[in-house]
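Below: the structure, in structure tokens.
Computed from the coordinates by the stated procedures, all read-outs in this text should not be read as laboratory data. Owing to the predicted nature of the structure, the values given are computational and were not obtained by experimental measurement. Because the Cβ atoms are built from the backbone with ideal geometry, glycine has one as well, and the counts that use them run over all protein chains shown.
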Amino acid sequence: MKIARLFRENMETYGFVSEDKVLTRESMTSQTGIPIPQSIKDFLFDGWYDEIKKSSQLNYNERLSDFKFLPPIPNPSKIICLAFNYKDHAKEQNLIPPDEPAIVIKPRSTLNGATSDIICPSFVSKLDYEIELAVIVGRNCKNISEKEAKEVVFGYMILNDASSRDIQAKDKQFTRAKGFDTFAPCGPWITTADEIPDPQNLKMVTKVNGVVRQNSSTSNMFLKVYSIVSMLTSVMTLEKGDIISTGTPAGVMLNKPDAVFLRDGDKIQMEIEGLGKLENTVRFV
């Protein structure tokens, strides 16, 4: 199932997506008689989703093009991003991938829609992109095994871990460089885990103004999805709705002598197999 958070005519909603059609929360209620909650987190993680998906012959009766995409999860307790977790990216940086998750916590105010502008302050001079497979945690968990981690993953989406490389170099760490408002376009929807039988074999492509910049696969991850989830739970309690962004492959501009960083008006398209596309425009202000 694909579940999107949507906006139309000054009203927020959410719903199931099938090709170019959508079944909204309001239509779910009218068609099933089940009083669906307003909060998408309540719907996804408190039993309502499991109840609705049992229903047969639901009518997807609205056009997806009539809506704007919002970040699928509006208020996660944590956005956890991994660094240097792709073998090809680590190689281009002359690094060895860490054997435990090297992480940064990205503030939830960075979350941005799948087609919304990335708003970058004019004092940033080296804005970069990072296509990443993001994991949506489905239930609270602590100290779980890799086998148990598979059952904890609710679904997946795309996340662009946008980063200011000049600030990253100045600070010698990641938080401020990755923490600007709008620096985490994501979505366009959550694809449930049952539709992605192997998260370690998904093609991923980034284009800037139509030119391919990243062309890789989740098979190049060093630490794999279920291992990441398990390892993180040895450190912190993961909570339902948390987002884990699992690192980026080769092709970013970091430390490249001929780097071409993002400019005002650049159009970034990111696609991960089976998960849809992000299409965002860069705006410097």
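Below are the figures for this structure:
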| item | result |
| --- | --- |
| Antiparallel content of DSSP bridges confined to the chain, in %, to 5 | 85 |
| Estimated dipole of the stretch 157-233 in Debye, rounded to 20 [Cβ of Lys and Arg +1, of Asp and Glu -1, Cα centre] | 400 |
| Charge dipole of the chain about the Cα centre (unit charges at C-beta), most positive-ward option of 218, 260, 144 | 260 |
| Helical contribution to [θ] at 222 nm, DSSP H n ≥ 4, -39,500 (n - 2.57), averaged over the chain, rounded to 500 | -4500 deg cm²/dmol |
| Note, ³J(HN,Hα) from phi for the stretch 130-137, Karplus 6.51, -1.76, 1.60, rounded to Hz, x at Gly and Pro | 8, 6, 9, 7, 9, 9, 9, 7 |
| Cα-based equivalent ellipsoid of the stretch 2-70: semi-axis lengths in Å, sorted from largest, via gyration tensor | 18, 14, 10 |
| Residue-by-residue Karplus 3J(HN,Hα) for the stretch 269-285, coefficients 6.51, -1.76, 1.60, Hz, glycine and proline x | 10, 10, 9, 10, 3, x, 10, x, 9, 9, 9, 10, 10, 8, 10, 8, 10 |
| Whole-number percent relative contact order across the stretch 2-70, with pairs defined as alpha carbons under 8 Å at least 6 apart | 40 |
| Share of pairwise Cα separations in the stretch 105-254, more than 23 Å, in percent | 38 |
| Dipole of the chain, positive direction: furthest Cα of 274, 47, 127, with charges on the beta-carbon | 127 |
| For the stretch 11-23, 3J(HN,Hα) per residue [Karplus equation, 6.51 cos²θ - 1.76 cosθ + 1.60, θ = phi - 60°, Hz, x = Gly/Pro] | 10, 8, 8, 8, x, 7, 10, 9, 6, 9, 10, 9, 10 |
| Mean separation of Cα contacts under 8 Å, 6 or more apart, over the residue count of the chain: relative contact order % | 24 |
| Members of 150/277; 126/267; 78/277 lying beyond 18 Å, as alpha-carbon distances in this model show | 150/277; 78/277 |
| The stretch 148-285, relative contact order in percent, only Cα pairs under 8 angstrom and at least six apart counted | 28 |
| Spherically averaged projected area of the stretch 241-280 from its Cα convex hull (nm²) | 4.5 |
| Cross-link pairs 87/172; 21/68; 142/203; 91/207 - those with Cα-Cα distance over 25 Å | 142/203 |
